[in-house]
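Remarks on the structure that follows.
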Amino acid sequence: MSPFLWAQFFTTVLLAGAAVASLPGPETADVAELKATIRTWDVPTKGARPYATAVSLDGSIWFTEEVANKIGYLKPETGEFKEFTLAEGKNVAPHGLVADQSGNIWFAASSGGFIGKLEPKTGKVVVFKMPDPKATDPESLALDSKGILWFTVQNANMVGKLDPASGNITLKSVPSPNARPTGILVLQRGTPLFAEPGAGKIGFIMPDTFEVHEFTLPPGTRSRRIAIARDENTLYFTDYTGGNLGKLDISIGALIMFPTPGGADSSPYGLTIAPDGTVWYCETGIQPKNIVRFNPGTSTFSRAPIPFAAGAVHSLASAPDGRVYFASSDVDKVGAVEVAK
């Protein structure tokens with residue numbers, strides 16, 4: 001579907017809270033053993049509560065340390081860690097983060113009311129304050145191909161964009177009250193999409209006009225994270241309350257809900273798509289916690305237990321070499337999953 005037809009589809013079919021067509025999915029999920037090695041590293045600062053992960057262009061892993069007020073760096077080949085303190089005497093609770101093309105690390109200060117840019121070579125942090133006093137908690141963020149930063153402000157129920165060149169920030173309220181927007185990403189064609197766990201919807205933004213639209217998921221569904229396939233027509237999301245992996249064809253509006261192997265109480269959360277197209281997420285509500293891989297070609301699941309008992313995994317990040325990285329805030333660890341050859 002061309003970008004024009006795709007945009008026309010959104011503006012005519014999925015606007016004004018229109019629900020997508022739901023197709024029947026399997027009632028249960030068969031699961032195979034995931035033959036993979038899961039390696040973990042202890043974060044240097046104890047009690048740091050690492051939350052989100054991101055992979056930079058050189059393959060290094062970056063992560064936020066919400067309680068320690070730091071951004072952490074891990075070089076997986078050597079196990080080398082480095083930590084950058086963000087503000088002396090004040091905890092700004094860094095949450096989501098993303099690496100740009102120049103190697104800078106952008107982060108959302110969820111208790112500081114700003115978007116920050118960390119320059120790793122110097123340790124300098126540039127602060128972009130929210131222009132609205134209600135926007136106290138920027139939460140997740142993503143860069144588009146033009147270098148514009150898009151972000152969510154969860155409790156304030158807003159989405160925003162930041163032009164790094166000018167420093168200008170524009171905010172917009174989400175149509176549904178208490179939608180708690182999170183997990184934003186940007187399609188290559190320039191359209192930002194985000195999850196609305198409070199409203200049971202997926203939101204999207206028309207980038208040229210900053211119009212915010214929504215489409216409704218099945219009753220009781222609460223999306224936490226979203227990921228987009230390489231074809232940019234298939235969107236996946238984790239249904240935290242229902243224990244499902246959702247697959248939405250945004251070109252025709254067809255939705256399939258796949259029950260996750262751990263069942264309705266498995267609370268799937270962190271989500272990413274690897275370079276080979278496989279979908280990865282974490283089951284956080286059961287013991288053991290599991291890393292799950294979904295194969296879209298066969299609609300089959302495989303999984304492996306995470307080698308520690310506690311800790312929700314809120315964020316997954318895939319690297320070009322196929323590894324999947326994660327952080328666990330409850331046990332102060334960063335992990336990597338490598339599938340056996």
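The values are calculated or read from the model by the stated rules, or taken from the named source; none is laboratory data. No experiment lies behind these values; they were computed from the predicted model shown. Neighbour counts run over all protein chains shown; Cβ positions are idealised from the backbone, glycine included. Just so you know, the surface numbers come from the protein's heavy atoms only, side chains and all, with ligands and any DNA or RNA stripped out. Shrake-Rupley method; radii C 1.70, N 1.55, O 1.52, S 1.80 Å.
Is it the case that segment 94-101 has a residue that's under 18 Å from the mean Cα position of the chain (by Cα) and of a type in the set (G, A, S)?
Just the residues of segment 94-101 that are under 18 Å from the mean Cα position of the chain (by Cα), to begin with: 94-100.
Subsequent filtering for residues that are of a type in the set (G, A, S) retains 96, 99.
Yes, some residue in segment 94-101 is under 18 Å from the mean Cα position of the chain (by Cα) and of a type in the set (G, A, S).
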Is there any pair with a first residue in segment 37-56 that is at positive phi and a second that is open to solvent by 70 Å² or more (accessible area, probe 1.4 Å) and aliphatic (A, V, I, L, M) whose Cβ atoms are under 6 Å apart and which are 6 or more apart or on different chains, and what are they?
-> G47/V67; R49/V67
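Considering each of S266, S299, S318 in turn, give the residue that is farther than 16 Å from I38 by Cβ, modelled with pLDDT of 90 or more and open to solvent by 30 Å² or more (accessible area, probe 1.4 Å). Show your work before the answer.
Working: S266 fails: open to solvent by 30 Å² or more (accessible area, probe 1.4 Å); S318 fails: farther than 16 Å from I38 by Cβ.
So the residue among S266, S299, S318 that is farther than 16 Å from I38 by Cβ, modelled with pLDDT of 90 or more and open to solvent by 30 Å² or more (accessible area, probe 1.4 Å) is S299.
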Restricting segment 303-315 to residues that are buried (at least 20 other Cβ atoms within 10 Å of the Cβ) and closer than 17 Å to E33 by Cα, which is modelled with the lowest pLDDT?
-> I306
Among the residues of segment 134-181 satisfying the criterion of being surrounded by fewer than 19 Cβ atoms within 10 Å (Cβ to Cβ) and either without any contact (Cβ under 8 Å) to a residue 12 or more places away in the chain or of a type in the set (F, W, Y) (or both), which is nearest to G103 (Cα to Cα)?
-> S166
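Being basic (K, R) and closer than 17 Å to T234 by Cβ, is that true of even one residue in segment 171-188?
No, segment 171-188 has no match at all.
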Residues located in segment 236-262, provided they are farther than 19 Å from H314 by Cα, open to solvent by less than 10 Å² (accessible area, probe 1.4 Å) and assigned to a strand (DSSP E or B) = L248, L255
Find the residue count for segment 43-92, including only residues that are of a type in the set (A, V, I, L, M, F, W, C), under 17 Å from the mean Cα position of the chain (by Cα) and more than 20 Å from T122 (Cα to Cα).
-> 1
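Here are S166, S176, S140: which of them is under 15 Å from the mean Cα position of the chain (by Cα) and of a type outside the set (A, V, I, L, M, F, W, C)? Don't jump to the end; show me each part of the working.
Values: S166 fails: under 15 Å from the mean Cα position of the chain (by Cα); S176 fails: under 15 Å from the mean Cα position of the chain (by Cα).
Matching residue, one of S166, S176, S140: S140.
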Check F63 against each of (1) closer than 20 Å to I115 by Cα; (2) out of contact with any Gly (no Cβ under 7 Å at 6 or more places or on another chain); (3) crowded, with 19+ Cβ neighbours inside 10 Å; (4) not acidic (D, E) and name the one condition it does not meet.
-> (2)
Of those in segment 100-125 that are more than 21 Å from K333 (Cβ to Cβ) and of a type in the set (A, V, I, L, M, F, W, C), the residue most open to solvent (accessible area, probe 1.4 Å) is V125
Is it the case that some residue within segment 203-211 is open to solvent by 40 Å² or more (accessible area, probe 1.4 Å), of a type in the set (D, E), closer than 21 Å to I250 by Cβ and assigned to a loop (DSSP other than H, G, I, E, B)?
-> yes
State the number of residues belonging to segment 321-341 that are more than 24 Å from G277 (Cβ to Cβ) and free of Cβ contacts under 8 Å to residues at least 60 places away in the same chain.
-> 1
Specify which of the listed residues (T136, T170) is polar (S, T, N, Q) and part of a loop (DSSP other than H, G, I, E, B).
-> T136
Could you say whether any residue in segment 27-41 is within 17 Å of the chain's Cα centre (by Cα), among the aliphatic types (A, V, I, L, M) and at pLDDT 90 or above?
-> no
Filtered residue count, segment 213-233, keeping only those that are assigned to a strand (DSSP E or B) and open to solvent by 20 Å² or more (accessible area, probe 1.4 Å) | 5
Do you know which of the residues in segment 58-85 that are of a type in the set (A, V, I, L, M) and in contact with an Asp or Glu (Cβ under 9 Å, 6 or more places away or on another chain) is farthest from S318 (Cα to Cα)?
-> A68
Give me the pairs, please: first residue somewhere in segment 188-207 and closer than 11 Å to W150 by Cβ and β-branched (V, I, T), second residue anywhere and modelled with pLDDT under 95 and open to solvent by less than 10 Å² (accessible area, probe 1.4 Å), beta-carbon distance under 6 Å, and either six or more positions apart or on two chains.
-> T191/F204
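If the requirement is being in contact with an Asp or Glu (Cβ under 6 Å, 6 or more places away or on another chain) and in contact (Cβ under 8 Å) with a residue 12 or more places away in the chain, which of these qualifies: G262, G253?
Working: G253 fails: in contact with an Asp or Glu (Cβ under 6 Å, 6 or more places away or on another chain).
Selected residue: G262, the only one of G262, G253 that is in contact with an Asp or Glu (Cβ under 6 Å, 6 or more places away or on another chain) and in contact (Cβ under 8 Å) with a residue 12 or more places away in the chain.
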Identify all residues within segment 87-99 that are open to solvent by 20 Å² or more (accessible area, probe 1.4 Å) and among the aliphatic types (A, V, I, L, M); write none if there are none.
-> A87, V98, A99
